[in-house]
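The values are calculated or read from the model by the stated rules, or taken from the named source; none is laboratory data. Note that the structure is predicted; figures quoted are calculated from it, not measured. Virtual Cβ from ideal backbone geometry, glycine too; neighbours counted across all protein chains shown.
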Amino acid sequence: MFFLQADDYHQWRDHARRLLSAEVPPAEIHWNSDSSQQVLFADPRPLPECSASRKVNVPKAFLEWAEIVACYCSDRRWQLLYRTLWRLTHGERNLLEIVTDDDVHQLGQMKKMVTRDVHKMKAFVRFRKVEAAAPAQEAYVAWHRPDHRIVRLAAPFFSRRFKEMHWTILTPLESVTWNQKELVYGPGVPASEAPQDDALEDLWKTYYASIFNPARIKVSMMKREMPVRHWPTMPETELIPDLLREASQRVDRMVDSTEGFAKTAAHYLPDQKDLASLRSAAQSCRACDLCQHATQAVFGEGRRQASLVLIGEQPGDQEDLEGRPFVGPAGQLLDSALATAGINRDDVYVTNVVKHFKFTEQPLNRGKRRLHKKPNSREIYACRPWLEAELDLIRPQAIVCLGATPAQAIFGRDFRVSHSRGQLLRTDWCNHTIATWHPAALLRMPNAERRAEMLDALIADLASAAAVT
Ligand code: SF4
């Protein structure tokens, strides 16, 4: 019998590789829990070396599952993972597709619980500002109590979202620090060591009160989704009793203001419509679900007096993090096309049809990669009031629609960039509106010759628009 322990996925994988290579069946292994617990019995058998001649081919999906399930806090996970691995490599290659299988079902449940815990960590972590070791440097600390060992799964998300901050997240089992360059993992700490003072706390509470939607309140659901044990680390939860008391009046006010209208961003437009107040109000927009996952609304950027407006589809990954439109790879290509067309980017106003980033997440090594997802017609419709308000204010002499989404938002759903690209057309906002390729479409084009043609067309269309301003 082997008595083994694993602290994390990598250690388990190393053990499992050796055991599998020596054809050790699951029944001959007793997997112990984390290193915090003692192995009660001395291992009478040393762990076998990996056999160079035995190549084990494991489905990629299993490795992805295993990395997540390894974070589940239970002794059962290592045994279950090894038994599943054994079965996958001993004649049951398609095992993961059999959802009724007991092992697959258990793995699926564990994966679901861990994924849910990661989601909660992303939603409920609240940083507090603390004195930093280095002068003139701000540091932030958060205390969180997850159900599972998920710090390494969730940390890359925080490093992307709070890239410019120096922060630490403490949990009972592990901690992680982002030093603006890399993630550094350490041991867990008790809650008593987390700082209590928070200069940002009042600001956050004000923000929460402004976004609190009483019509969505179901207290039991709230407690399930936002477990009460997370409340002490979330300053806004102090407001919940008062907000609940005021909820019925607030619902009435909301119903009054929305009755008879489809839900669009129109309800979030400020009374005073200048670019600064519109930009600020867009941060509170909840007219569609895109705001729930994006970092922030990315509003248009440029001068109110701009004679040329460029409209893209939606912010990308980098724009979402920086809060500015067209700063990612497509933005760099656009800058270069503008320069070639003789246009100074500072002279134009650049915006998007949809203000929040829509994406899907794909596993990438130990983190996730956010991939652009096209907004649907409901989201485009909901967001349109922001674009209309921008165009109403600026009243440019020419508009360039970059790609199909803005072109269809302006000219209608039947508009095809491939048919009507480069034509100067009249719209509600100006006499010269032109549709052309989105720079991102050029970046995705695999054929170099076609890509060069599209770039020439983009530059020519930008120049045509600039010529009429
Ligand atoms: S995408 Fe537009 S409509 Fe949807 S929440 Fe964001 S700003 Fe509002």
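Details
- Test: residue in segment 444-465 that is out of contact with any Cys (no Cβ under 6 Å at 6 or more places or on another chain), β-branched (Val, Ile, Thr) and not in a strand (DSSP E or B): yes
- Conditions (1) within 15 Å of the ligand (Cβ to nearest atom); (2) part of a strand (DSSP E or B); (3) of a type in the set (Ser, Thr, Tyr); number of the one not met by Tyr349: (1)
- Filter pass, Thr177 being among the β-branched types (Val, Ile, Thr) and modelled with pLDDT of 55 or more: yes
- The listed residue being away from the ligand (no atom under 16 Å from the Cβ) and under 24 Å from the mean Cα position of the chain (by Cα), out of Ala407, Ala398, Ala441, Ala382: Ala441
- Total residues in segment 351-388, condition touching a residue at least 60 places away in the same chain (Cβ under 8 Å), over 30 Å from Ala66 (Cα atoms) and surrounded by fewer than 22 Cβ atoms within 10 Å (Cβ to Cβ): 6
- Taken over segment 308-332, residues that are more than 9 Å from the ligand (Cβ to nearest atom), buried (at least 19 other Cβ atoms within 10 Å of the Cβ), touching a residue at least 12 places away in the same chain (Cβ under 8 Å) and part of a loop (DSSP other than H, G, I, E, B) amount to 6.
- In the condition set (1) part of a helix (DSSP H, G or I); (2) more than 16 Å from the ligand (Cβ to nearest atom); (3) modelled with pLDDT of 95 or more, His419 is compliant with all but (3).
- Checked against the criterion of being closer than 30 Å to Val24 by Cα and touching a strand residue (DSSP E or B) at 6+ places or on another chain (Cβ under 8 Å), the candidates Arg126, Arg83, Arg149, Arg93 yield just one match: Arg149.
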